[in-house]
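Taking it in order: structure first as structure tokens, then the write-up.
Rule-based calculations on the coordinates, nothing more; no lab input. All values reported here derive from a predicted model rather than from experimental measurement. Note: ideal-geometry Cβ built from the backbone for every residue, glycine included; neighbour counts use all protein chains shown.
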Amino acid sequence: MSADDTEQERLKSALWYHVGKLVDDACLDLNVNATPQFIGSLTELAWVQFDNIAKDLENFAKHANRSTVSTADVLLLARKNPDLHGLLQKVVDDEAAERAAKAAGKSRR
Amino acid sequence: MPPKHPSKANEEVPSHRNDEPKKIQEEERKVKIPPELIAKLVKNFLEDEGTKVSGAAIKTVGEYMHLFLTEAVYRAVSDRRDGDPWAKTTNSGLMLEVEDLEKIAPQLLLDF
């Protein structure tokens with residue numbers, strides 16, 4: 001096993017752990033349980049999804065002649081799903097407002 | 001399947017699970033994938049070494065994946081409970097299996 005493979009395995013394990021925690025949290029709300037196989041499969045699904053969106057994001061940024069992926073690129077991911085777009089737009093707006101507030105606080109001091 | 005807003009009913013599910021104001025819910029959301037891991041995963045899959053990712057973008061991707069994963073669970077439960085994930089039915093000892101994920105995966109991937 002090469003060093004790169006080991007790194008991939010480590011990343012996937014980390015993702016697995018956090019997917020597990022997230023699923024448990026959601027299951028608690030719904031009064032259900034998830035089998036370890038369910039969590040493992042969902043991790044695999046998320047892993048592939050990360051692969052897809054990372055490459056999409058990179059290409060969106062390149063298309064806009066940028067070398068840095070911005071929030072505009074992430075919003076493009078959700079272009080086909082208006083509801084998802086709305087939820088992500090809210091996160092972007094909140095983040096921007098937070099930054100603006102921080103900047104204002106700094107300049108006052 | 002309704003073509004235009006395929007996930008309208010389900011999309012609202014993770015963020016409106018009860019009537020508390022949204023603000024409080026967001027603060028209460030302790031379980032989330034750490035941004036550091038999101039950043040590592042995204043960078044792991046980038047093809048060009050020179051591509052960078054802004055911090056705000058990482059945060060948004062984190063929310064995206066959070067919704068993706070939560071949605072997967074809610075849809076799987078919803079499927080087993082005939083469309084209502086909160087149904088107080090007799091199957092409270094419901095176990096989510098790989099087959100449940102298999103059923104909802106195609107539409108989930110189309111919606112994300």
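Across the stretch A:21-34, coupling constants 3J(HN,Hα) worked out from phi with the 6.51/-1.76/1.60 Karplus curve, θ = phi - 60°, read 5, 5, 5, 4, 4, 5, 5, 4, 5, 9, 6, 10, 10, 10 Hz, and Gly and Pro carry x. For B:Leu94, B:Leu41, the sequence from fewest to most other C-beta atoms within 10 Å is B:Leu94, B:Leu41. Label sites at A:His63 and A:Glu44, each approximated as a point 7 angstrom past Cα along Cα to Cβ, lie 3.1 nm apart. Cα centroid separation, the stretch B:54-97 to the stretch A:10-29: 12 Å.
Once the C-beta distance of A:His85 and A:Lys21 is scaled by a Förster radius of 25 Å, the resulting FRET efficiency is 0.40 to the nearest 0.05. Under 18 Å from the 7 Å Cα→Cβ point of A:Gln8, by amide nitrogen: which residues of the stretch B:36-57? Hits in the stretch B:36-57 for A:Gln8 at 18 Å: B:40-49. In the structure shown, the pairs A:Lys106/B:Lys43; A:Lys12/B:Lys43; A:Lys12/B:Lys40 are assessed against 21 Å; a Cα-Cα span above that value is assigned to A:Lys106/B:Lys43. Taking each residue as 0.36 nm, the span from B:Lys30 to B:Glu97 lengthens on full extension beyond its C-alpha to C-alpha distance by 21.6 nm.
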